[in-house]
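Asks: Here it is, the structure in full.
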Amino acid sequence: AYEMAMWNVLGQRDVDVCHWESFGKGWFADAISHLKLRDSVTVNEHTAGYGELPDLSKTSGDNDVCFTFNGTTSGVRVPEGCDFISDDRTGLTLCDATSACFAMNMPWSKLDITTYSWQKVLGGEGAHGVLILSPRAVERLESYTPENRPLPKIFRLVKKGKVDGGIFKGATINTPSMIAVEDYIDALQWADSEGGVAGLVKRADDNLGVVADFVSQNEWIDFLAKDPATRSSTSVCLTLDLDPDQIKKFVALLDAKEVALDIGGYRDAPPSIRIWCGSTVEKEDLEALMPWLKWAYDEVKGN
């Protein structure tokens, strides 16, 4: 869905691409290597290492701005409210909110094109991208056609000069799995039973609180995110006072006990672990996990 947006709207004006982890870096690479935007406009790269945010204030309201709301592989999110985005902007904002929607408050007035996935916070099936367009995004789609950029059929959002409304009313090129659709509907019904979006945001925040309390009580573990205001409440990334091989052993111990599966940090991230704390996770399960982290650490260190 994010690629679809990029291919349809970028190229009319200069672009600011902000990235601080692997997926955002991929969008930047696509912008310059595949769309070759630097042949026609200026593409500014605003970047930072894992655990940090770039200076988002350097983006321009006159440019299109591409950014990831929550860095799934670094555990670093944008600050609450997205105040770096101007209310008077003339450019569009393209927001990859894959692991943020339904767990974080989305400032919709700041977001022109937003994408997310069923599979993350709502725990649904993978391979289903959701695309949300603001009126300004629709206006861009209907007034701008990129030159010399043939679009695959699956990427086409405009038909006869107008946004193809059928896409947003259930028309498909290939029929998706109806079981996957029913699963998503069931997830939304569950979300309503938990208090809607506000209830799901609270669940994720409470889960983050469990990990934060544990970190504050143990010197050997810390958040990869340097600033507490930018800590992700879903993809919580943690550094340990262990070398890379010891971290692999730490992860393997928990896996062998069937306590925590696949919690090793992302392959491109610094040596770390990553705990999913999204809204479908029960707070009590995280509370039960924390002593096991201490056990695994002691085992690896020989304490």
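The values are calculated or read from the model by the stated rules, or taken from the named source; none is laboratory data. Just so it is clear, the model here is predicted, and its values are computed rather than measured. Heads up, the Cβs are rebuilt from the backbone with ideal geometry, glycines too, and the neighbour counts pull from every protein chain shown. These accessible areas exclude ligands, DNA and RNA; they are computed on the full protein's heavy atoms, side chains included. Shrake-Rupley method; radii C 1.70, N 1.55, O 1.52, S 1.80 Å.
Residue-wise test of (1) within 19 Å of P107 (Cβ to Cβ); (2) crowded, with 19+ Cβ neighbours inside 10 Å; (3) among the charged types (D, E, K, R); (4) under 14 Å from the mean Cα position of the chain (by Cα).
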residue: R38; (1), (2), (3), (4): no, no, yes, no
residue: T42; (1), (2), (3), (4): no, no, no, no
residue: E45; (1), (2), (3), (4): no, no, yes, no
residue: G51; (1), (2), (3), (4): no, yes, no, no
residue: S60; (1), (2), (3), (4): yes, no, no, no
residue: C66; (1), (2), (3), (4): yes, yes, no, yes
residue: N70; (1), (2), (3), (4): yes, yes, no, yes
residue: G81; (1), (2), (3), (4): yes, no, no, no
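Asks: Output the residue which, of all residues in the range 83-129 that are of a type in the set (F, W, Y) and over 15 Å from the mean Cα position of the chain (by Cα), is surrounded by the most Cβ atoms within 10 Å (Cβ to Cβ).
Replies: By that ranking, first place goes to F84.
Asks: What tally of residues in the range 185-206 results from selecting those that are over 19 Å from Q119 (Cβ atoms), open to solvent by 30 Å² or more (accessible area, probe 1.4 Å) and in a helix (DSSP H, G or I)?
Replies: Quick first cut of the range 185-206, residues over 19 Å from Q119 (Cβ atoms) only: 192-193, 195-196, 198-199, 202, 205-206.
Next cut, open to solvent by 30 Å² or more (accessible area, probe 1.4 Å) only: 192-193, 195, 198, 202, 205-206.
Applying the additional criterion that residues be in a helix (DSSP H, G or I) yields 192-193, 198, 202, 205-206.
Total meeting the criteria: 6.
Asks: Give the number of residues within the range 130-146 that are in contact (Cβ under 8 Å) with a residue 60 or more places away in the chain and either of a type in the set (V, I, T) or loosely packed, with under 14 Cβ neighbours inside 10 Å (or both).
Replies: Going through the range 130-146, the residues in contact (Cβ under 8 Å) with a residue 60 or more places away in the chain turn out to be 130-131, 137, 140-141, 144, 146.
Filter once more, keeping what is either of a type in the set (V, I, T) or loosely packed, with under 14 Cβ neighbours inside 10 Å (or both): 130.
Here the count works out to 1.
Asks: Checking the condition outside any helix (DSSP H, G or I), without any contact (Cβ under 8 Å) to a residue 24 or more places away in the chain and closer than 27 Å to F23 by Cα, which residue from D268, D245, D222 passes?
Replies: On the way: D268 fails: without any contact (Cβ under 8 Å) to a residue 24 or more places away in the chain; D245 fails: outside any helix (DSSP H, G or I).
Matching residue, one of D268, D245, D222: D222.
Asks: Residues V300, V236, V259: which one is at pLDDT 95 or above and assigned to a helix (DSSP H, G or I)? Before the answer, list the steps.
Replies: Values: V236 fails: assigned to a helix (DSSP H, G or I); V259 fails: assigned to a helix (DSSP H, G or I).
Answer to the selection: V300.
Asks: Specify which of the listed residues (K257, K294) is among the basic types (K, R) and either touching a residue at least 40 places away in the same chain (Cβ under 8 Å) or open to solvent by less than 20 Å² (accessible area, probe 1.4 Å) (or both). Let's see the steps before the verdict.
Replies: Numbers: K257 fails: either touching a residue at least 40 places away in the same chain (Cβ under 8 Å) or open to solvent by less than 20 Å² (accessible area, probe 1.4 Å) (or both).
The match here is K294.
Asks: A follow-up question, please. So, in the range 275-303, exactly how many residues are hydrophobic (A, V, I, L, M, F, W, C) and over 27 Å from A103 (Cβ atoms)? Please lay out each step first, then the result.
Replies: Initially, the range 275-303 is screened for residues hydrophobic (A, V, I, L, M, F, W, C), giving 275-277, 281, 286, 288-290, 292-293, 295-296, 300.
Now drop any that are not over 27 Å from A103 (Cβ atoms), which leaves 295, 300.
Of the residues in that region, 2 qualify.
Asks: Considering only the range 153-179, state which residues are in contact with a helix residue (DSSP H, G or I) (Cβ under 9 Å, 6 or more places away or on another chain), modelled with pLDDT of 90 or more and over 22 Å from T98 (Cα atoms).
Replies: Matches in the range 153-179: V158, K159, G161, K162, V163.
Asks: Give the residues of the range 160-184 that are in a helix (DSSP H, G or I) and either surrounded by 11 or more Cβ atoms within 10 Å (Cβ to Cβ) or among the charged types (D, E, K, R) (or both), sorted by residue number.
Replies: Restricting attention to the range 160-184, the residues satisfying the condition of being in a helix (DSSP H, G or I) are 165-169, 178-184.
Listed by number, the residues that qualify are I167, F168, K169, A180, V181, E182, D183, Y184.
Asks: Please specify each residue of the range 94-120 satisfying the condition of being outside any loop (DSSP other than H, G, I, E, B) and touching a Leu at 6+ places or on another chain (Cβ under 6 Å).
Replies: Restricting attention to the range 94-120, the residues satisfying the condition of being outside any loop (DSSP other than H, G, I, E, B) are 94-96, 108-110, 113-117.
Selection gives C95, I113, T115.
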